[in-house]
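Here's the structure, in structure tokens; my notes come after.
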Amino acid sequence: MVEILIKKEACRGCQICAEICPTDVLEYNAAEQKVFVKNAADCIACLSCTYICPSSAISQQDFHNVKNFYRDLEFSVKAKRYL
Amino acid sequence: MTTDIQDARKKLQQAMNIAPAISCGIEELLGRSANGMTFVAGRKLGKQMTASAKKTTDVEEALAETRRVLEEHHCLWHFEPFIPSTQKEMVKQTEKGAEIMLVFRDCMIRQSLFRYGHHQKGSLCFMMYGFFSGALENIMGKKTELQIVHTGENACLKKLIIGS
């Protein structure tokens, strides 16, 4: 199962992640003004929440990372990322 | 060896630019009609590729057969059924027919769109809709739809509707 980690200190409570999630995994807690993981079992690991979060507060673990053939290999080597 | 892989990757990436470039062009020219055009192209491809596929009326078997056909043709289209926690069965019966949620992970269309820098949920995604429609129509003998629910960076969620 996908593990979703939310850095509470970084979350600004903008709720964009909760809105974009197609399976309603995330929910907004009005009292805390933060987003929390309501139902991790339904996460499909599309990573839309991770990519859209303006404060990079969300990350995932234990998911199938797709083969990214589109990335430029030379750039990836230089950046030491995406290899 | 590394150079061979790098060369192969570069050639693949050059080829990956072609389909989204065409898609981008026809969307500009035809607007929303481009989706219909690519749908028909995908449907034809789906029918061609499954011409000798095993016929079945069972949904799970039909999906397995589609997967087998794709692998046989070296197509990178990794999909799996998704059962929401609010649902017990994989197949949900509705007025429209049998509904199944599918998650698409490794997808050659997404890869090509990202390489070229074109948005998702456009005419190329409709080609995939057409492909599944044609393939499952051949295998199951029923009209099918593949609605795009969500397009993500690492996976997409789609709803497959098999007409009753």
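Tabulated values for the structure
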read-out	value
Nearest-ten-degree value, helix B:123-140 long axis tilted from longest Cα axis of chain B	40
Acute angle (nearest 10 degrees) that the helix B:59-72 long axis makes with the longest principal axis of chain B, alpha-carbon atoms	20
Estimated FRET transfer efficiency when R0 is 51 angstrom, pair residue B:44-residue A:9 (beta carbons, to 0.05)	0.45
Principal axis dimensions, segment A:3-79 - Cα atoms, whole angstrom, descending	47, 24, 18
Length-normalised contact order of segment B:2-163 in % [C-alpha pairs under 8 Å, at least 6 apart]	31
Local electrostatic count at residue B:72 - Lys and Arg +1, Asp and Glu -1, tallied over other residues with Cβ under 14 Å	+1
Separation in nanometres of the label points that stand 7 Å from Cα toward Cβ, at residue B:21 and residue B:64	4.2
Rounded to 10°, Cα long-axis angle of helix B:2-30 versus longest principal axis of chain B	70
Environment charge of residue B:62, counting only residues whose C-beta is closer than 11 Å and scoring Lys/Arg +1, Asp/Glu -1	0
Tail beyond 26 Å, pair distance distribution of chain B (Cα, percent)	29
Counted charge near residue B:130, where neighbours are those whose Cβ lies closer than 9 Å (Asp, Glu -1; Lys, Arg +1)	+2
From the C-alpha gyration tensor of the protein assembly as shown, square roots of 5λ in Å	30, 26, 17
Under 20 Å from the Cα of residue B:96 - lysines, other chains or at least 8 residues apart	B:88, B:142, B:143, B:158, B:159
Ranked list, fewest to most other Cβ atoms within 10 Å of each Cβ, for B:129, A:51	A:51, B:129
Chain lengthening between residue B:71 and residue B:56 when straightened (0.36 nm per residue, less Cα-Cα)	3.5 nm
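Values quoted throughout were computed directly from the atomic coordinates according to the rules given, and no laboratory measurement underlies them. Bear in mind the structure is a predicted one, so any value in this text is a computation, not a measurement. All Cβ positions, glycine included, derive from the backbone under ideal geometry; neighbour counts span all protein chains shown.
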